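Every number in this text was worked out from the coordinates using simple rules, so none of it is lab data. Fair warning: this is a prediction, and the values are worked out from it, not measured in the lab. Ideal geometry is used to build each Cβ from the backbone, glycine not excepted, and the neighbour counts take in all protein chains shown.
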Amino acid sequence: MTTSPDGEPESRDIVAAGPESPRSEVTVAALLVGAAVSAIAFIGVYSVEKFSTQHELMGLTLAASFAFVAAALILLGERVLPSEEVAEDYPEVAAPQEEEEVAKVMEESAAGITRKRLLVGAGGTAGGAIGLAALTPALSLGPWFEVAPLYRTPWRAGRRLVDDEGKPYKAEEIEQETFYTAFPEGSSHRNLGASIVVVRVDPAALMLPPERAGWAPEGILAFSKICPHAACAVALYRKPTYGPTQPGPALVCPCHYSTFDPGKGGEVLFGPAGRPLPQLPLTVDAAGEMRAGGNFSDAIGPSWWGIDMEQPH
Ligand code: FES
């Protein structure tokens, strides 16, 4: 280290001052702003859901955002930041003087940049917008505040169970070892929450959760017919042909073979369904007809939320 005429240590530059390149800096800032605009466009396309080519547009906007960032970083490295190569053996012990020099190199490397605040601002904007774009798809996990539509179905306490021709089901007609499809009286069959499967099992074999103790009069149970995996209709019923050795009765979805145990409140026995089949409480009225005791135990439908539960008007 050299000293000044008055004896003070004199600081000398390590990184040679490079040529200033304000035009490149402005270009880098513009590219970063382009990245931010593209990321915000991605969020807009994701949210609006009005484009027939929504997926393509989402891919394009996100790709454009990353392309802008890549171009900005290349330009920053090539034209704005000075490049300094130093090759030396790695010291065995810490050398405070060398460490100071390295810190100085870092500091001086940015000395030639004339629009630091512009670049830092543009970089922060691009980083923030891309971060938001990365978080946006989490909205598809489901509504956070307005969840009531997920639970809205045509089933109410007292509503009669009818077949596809509108004829009410009587409890005495429901036999074991088969299953029936039922709908709420007076409701559109096309409503996703309308169709249910009805089965009768041996009441002694019921193992329902305690809070559903009264939901299966005479061993008759009802479940949503819509598979909670990917919304196929649960349309198969497995009945044991030789009880002592075979597994018990089960409702089966034919699409990917999710298998549900009616006696345990629709618990998943096998397959990709991630949650039980929602159960509908039942009652039998004085005339022996089947009626709903209320709404389902859980939201019906596939577990990717956001689908329309109601018929479009
Ligand atoms: S939709 Fe039912 S198992 Fe996949």
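Worth pointing out:
- Rounded if a/c under 1.5, otherwise prolate or oblate - the stretch 232-302, Cα gyration tensor axes: oblate
- Distance from the stretch 60-82 to the stretch 113-192 (C-alpha centre basis), Å: 39
- For the peptides 126-134, 272-280, the ranking by mean Cβ contacts within 10 Å, running from highest to lowest, is 272-280, 126-134.
- Dipole of the chain, positive direction: furthest Cα of 186, 270, 231, with charges on the beta-carbon: 186
- Each peptide in 58-64, 223-229 was scored by the mean count of other Cβ atoms within 10 Å over its residues; highest first, the order is 223-229, 58-64.
- With the simple model of a label 7 Å out from the Cα in the direction of the Cβ, residue 84 to residue 140 spans 4.7 nm.
- Here r is the Cβ-Cβ distance between residue 164 and residue 238 and R0 is 25 Å; the resulting FRET efficiency, rounded to 0.05, is 0.65.
- The 3J(HN,Hα) values that the Karplus relation (6.51, -1.76, 1.60; θ = phi - 60°) gives for the stretch 262-278 are, in residue order, x, x, 10, x, x, 4, 6, 9, 6, x, x, 4, x, 7, x, 5, x Hz. Gly and Pro appear as x.
- Note on residue 157 and residue 117: the extension gain reaches 7.9 nm, defined as 0.36 nm multiplied by sequence separation minus the Cα-Cα distance.
- Cα gyration tensor, the chain - rounded (a/c under 1.5), prolate or oblate: prolate
- Cysteines in the chain that, by Cβ-Cβ distance, have no pairing candidate under 4.7 Å: none
- Cβ charges +1 (Lys, Arg) and -1 (Asp, Glu), total dipole of the stretch 149-292, debye: 500
- Computed from phi, the 3J(HN,Hα) profile of the stretch 153-168 under the Karplus parametrisation 6.51, -1.76, 1.60 (θ = phi - 60°) reads 9, x, 7, 9, 4, x, 6, 6, 8, 10, 7, 5, 9, x, 7, x Hz, with x in place of Gly and Pro.
- Estimated from helical segments only, the mean residue ellipticity of the chain at 222 nm is -9000 deg cm²/dmol, where each DSSP H run of four or more residues counts as -39500 (n - 2.57).
- Label zone (residue 175, point 7 Å along Cα-to-C-beta; backbone nitrogen cut-off 16 Å) within the stretch 217-252: 237-241.
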